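Contents: one structure, followed by commentary.
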Amino acid sequence: MSYKTELHCHCNTVSACAQEEPEALVEQYIAAGYSTIVLTDHLSRFTYLQSTRGDISDIGWDEKIDYFLSGYERVCRAAKGRINAILGVELRLNETQSDYLIYGVDEAFLRANPDMMDMRLRVISPIVREAGGLFIQAHPFRNFIAVSPPDLIDGVEVCNLNARHDSRNDIAAIWAKKFSLIETSGGDYHRRGDIENCGGIMTDVEITSGEQLVSVLRSGEYKIICPAGER
């Protein structure tokens, strides 16, 4: 397996907790030998309360999605012809501190589901699935995060490689196997030094779209990128 895909990374255009410019993010992953990155910027109330423009929580949903997509658009421009860039989402619902990685959805989906953060887990999960997407719980065993009912998620991030998180990857891997959930890995990249711990999956085929990513994850035809000692 020779193609590497990062499934969890952020840039500072949208994610207030990130420090890396989109263009620098792209260069880091190209240098690290990745063929694809899935940009999973945060989509939560904090995305707009703590935006680079200040508190913009009162703007309309279409404007909110314009803002959310601004980092992805810059990543795509920087990546063109050199690395594949795929749209992802790290969603946090207002009812919980848990985070969910959404794969396989597009701009039209985001615009068609206003105020996703206000929805309950039992509402948004089937909406994502019906649209052909995957609903994966990120770092489910971090402090202050509630593990979601297995029937409401498609998988869990069993290897989160952000050095500043208490992810308890070994427990996440056991949980995934117990409930036959899809297993994913992610570097959870936020700043320059995080490239040393980049994660994701390895495949025999190059992943070039969200739809293809969903198909690969469902098939199980991939290897988790997870250094020894992390699980």
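The values are calculated or read from the model by the stated rules, or taken from the named source; none is laboratory data. Model, not experiment: these values are computed from the prediction. Please note: Cβ atoms are built from the backbone with ideal geometry, for glycine as well, and neighbour counts cover all protein chains shown. SASA here: full protein model, heavy atoms, side chains in, ligands and nucleic acids out. Shrake-Rupley method; radii C 1.70, N 1.55, O 1.52, S 1.80 Å.
The figures follow:
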{"read-out": "Scope region 7-60; condition in a helix (DSSP H, G or I) and of a type in the set (D, E, K, R); matching residues", "value": "GLU23, GLU27, ARG45"}
{"read-out": "Complete set of residues in region 70-90 that are of a type in the set (Asp, Glu) and open to solvent by less than 20 Å² (accessible area, probe 1.4 Å)", "value": "GLU90"}
{"read-out": "Whichever residue in region 1-15 is among the aliphatic types (A, V, I, L, M) and within 15 Å of the chain's Cα centre (by Cα) and, among such residues, is modelled with the highest pLDDT", "value": "LEU7"}
{"read-out": "Members of region 202-214 that are within 13 Å of the chain's Cα centre (by Cα) and either buried (at least 22 other Cβ atoms within 10 Å of the Cβ) or not in a helix (DSSP H, G or I) (or both)", "value": "LEU213"}
{"read-out": "Single match in ASP170, ASP188, ASP154 (criterion: under 16 Å from the mean Cα position of the chain (by Cα), over 17 Å from CYS17 (Cβ atoms) and among the acidic types (Asp, Glu))", "value": "ASP154"}
{"read-out": "First in region 114-127 and over 22 Å from LEU49 (Cβ atoms), second anywhere and outside any helix (DSSP H, G or I), Cβ under 6 Å, 6 or more apart", "value": "SER125/PHE135"}
{"read-out": "So GLY54, is it open to solvent by less than 50 Å² (accessible area, probe 1.4 Å) and closer than 25 Å to ALA24 by Cβ", "value": "yes"}
